[in-house]
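Have a look at the structure below, then the notes.
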Amino acid sequence: MGEQSSEMEIVHLLRKVTVEFGLRQAEFASRNDMHPTDVRALICLLDAERAGTDATAGWLGAQLGLNSAGTTAVIDRLERLGHLTRTRDPRDRRRVLLAVDPRAVELGWEFFGRLIETTVTVLRDFDESETEAVRRFLSAAHQAVTAIR
């Protein structure tokens, strides 16, 4: 029971973090006249940029689990708010690439910056093996969550 209790404590802590983070995302969306899906779209686009992935409407729709009409609505809304840009792919002029506007990045840092900086500060106190253990756990937890789709 002791090990199970310790494992379940970590599961419950992870749940608490994800619930609180979800609430902060909803608050950010509300304060900035966005739908929660808009925030998810911005996160997907930022992740794509970090990974060097070309983000198109089709790619974004697949990430969000939206049909073409829903994806277009999200893109149009974010563009109207000044959070997203569309540009022609210089290698294939038929494709339109999506990117987060720098003003949206700044807006995100204004809201989430302290949380990110605090988390980074905590991680800096971890040694390399502790950091790797956290990375392995969070990667496995993410795989478990996405596997139940």
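Worth a mention:
- Scanning segment 42-53 for residues that are within 16 Å of residue 107 (Cβ to Cβ) and surrounded by 19 or more Cβ atoms within 10 Å (Cβ to Cβ) yields 42, 45.
- Number of the condition not met by residue 85 [criteria: (1) closer than 28 Å to residue 18 by Cβ; (2) touching a residue at least 12 places away in the same chain (Cβ under 8 Å)]: (1)
- When residues in segment 40-59 are screened for being β-branched (Val, Ile, Thr) and not in a loop (DSSP other than H, G, I, E, B), 1 of them pass.
- Count of residues meeting criterion [more than 16 Å from the chain's Cα centre (by Cα) and open to solvent by 60 Å² or more (accessible area, probe 1.4 Å)] in segment 20-36: 3
- Out of 120, 39, 105, sole residue that is loosely packed, with under 11 Cβ neighbours inside 10 Å, β-branched (Val, Ile, Thr), under 21 Å from residue 24 (Cα atoms) and within 18 Å of the chain's Cα centre (by Cα): 120
- Residue list for segment 59-71, filter: open to solvent by 60 Å² or more (accessible area, probe 1.4 Å) and either among the acidic types (Asp, Glu) or within 14 Å of the chain's Cα centre (by Cα) (or both): 63
- Residue among 94, 135, 77 that is within 19 Å of residue 14 (Cβ to Cβ) and of a type in the set (Lys, Arg): 135
- The selection criterion, being surrounded by 12 or more Cβ atoms within 10 Å (Cβ to Cβ) and more than 16 Å from the chain's Cα centre (by Cα), holds for residue 56.
- Filtered residues of segment 77-102 (kept if open to solvent by less than 60 Å² (accessible area, probe 1.4 Å) and modelled with pLDDT of 95 or more): 78, 82, 83, 84, 85, 96, 97, 98, 99, 100, 101
- Exactly one residue among 78, 14 is within 22 Å of residue 137 (Cβ to Cβ) and in contact (Cβ under 8 Å) with a residue 12 or more places away in the chain, and that residue is 14.
- Picking from residues in segment 72-102 that are farther than 22 Å from residue 52 by Cβ and part of a helix (DSSP H, G or I), the one that is nearest to the chain's Cα centre (by Cα) is 74.
- Meets criteria (farther than 26 Å from residue 88 by Cβ and of a type in the set (Ser, Thr, Tyr)) for residue 18: yes
The values are calculated or read from the model by the stated rules, or taken from the named source; none is laboratory data. Keep in mind that this is a model prediction, so the values were computed, not measured. Methodologically, a virtual Cβ is constructed for each residue, glycine included, from the backbone with ideal geometry; neighbour enumeration extends over all protein chains shown. All accessible areas refer to the heavy atoms of the entire protein, side chains included, with ligands and DNA or RNA removed. Shrake-Rupley method; radii C 1.70, N 1.55, O 1.52, S 1.80 Å.
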